[in-house]
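Peer 1: Sending over a structure as structure tokens; questions will come in a sec.
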Amino acid sequence: MSVSGVGGFPNLKTPRVLWAGIKAEPGLHKLQGNIEDQLEKLGFEKEGRPFTPHLTICRVKAYTDGKELGKLTAEARPHISMDFVADSFVLFKSVLSPKGAEYTELKRIGL
């Protein structure tokens with residue numbers, strides 16, 4: 001997999017999440033589609049937004065912090081570029097709380 005670029009959700013001007021992009025390879029889209037199909041069979045709704053492969057760098061709690069982070073990121077223009085091999089898929093449960101996100105590994109599948 002190839003990581004390149006920095007962005008933000010919903011945008012980089014006032015991000016709630018700062019991320020590094022992952023190149024959208026056909027195999028990654030196939031994996032995402034298979035996972036979504038299987039989750040739909042279990043009763044989960046399909047995601048309405050387009051698939052945006054990424055690595056989350058940080059989450060922003062307050063709007064003003066996001067605005068400041070967006071400004072600093074735009075000024076710094078960070079360049080992230082690296083390649084890595086993904087050897088497993090891990091399904092996590094994510095619970096957001098005032099103390100931050102808590103993650104629990106539910107299932108690990110080798111690739």
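Computed from the coordinates by the stated procedures, all read-outs in this text should not be read as laboratory data. Predicted, not measured: the structure shown is a model, and the values here were computed from it. In this analysis, Cβ positions are derived from the backbone assuming ideal geometry, glycine residues included, and neighbour counts consider all displayed protein chains.
Peer 1: Collect the residues in region 47-71 that are surrounded by 10 or more Cβ atoms within 10 Å (Cβ to Cβ), within 20 Å of PRO26 (Cα to Cα) and of a type outside the set (S, T, N, Q), keeping them in residue-number order.
Peer 2: Across region 47-71, the qualifying residues are GLU47, PHE51, PRO53, HIS54, LEU55.
Peer 1: Of ALA20, ALA74, ALA24, which residue is surrounded by 12 or more Cβ atoms within 10 Å (Cβ to Cβ), in a loop (DSSP other than H, G, I, E, B) and of a type in the set (Gly, Ala, Ser)?
Peer 2: It is ALA24.
Peer 1: Just to be sure I understand, how many residues within region 77-89 are assigned to a strand (DSSP E or B) and surrounded by 11 or more Cβ atoms within 10 Å (Cβ to Cβ)?
Peer 2: Residues flagged as assigned to a strand (DSSP E or B) and surrounded by 11 or more Cβ atoms within 10 Å (Cβ to Cβ) within region 77-89 amount to 1.
Peer 1: How many residues are touching a residue at least 12 places away in the same chain (Cβ under 8 Å) and either among the acidic types (Asp, Glu) or assigned to a helix (DSSP H, G or I) (or both) when one looks only at region 52-71?
Peer 2: 5
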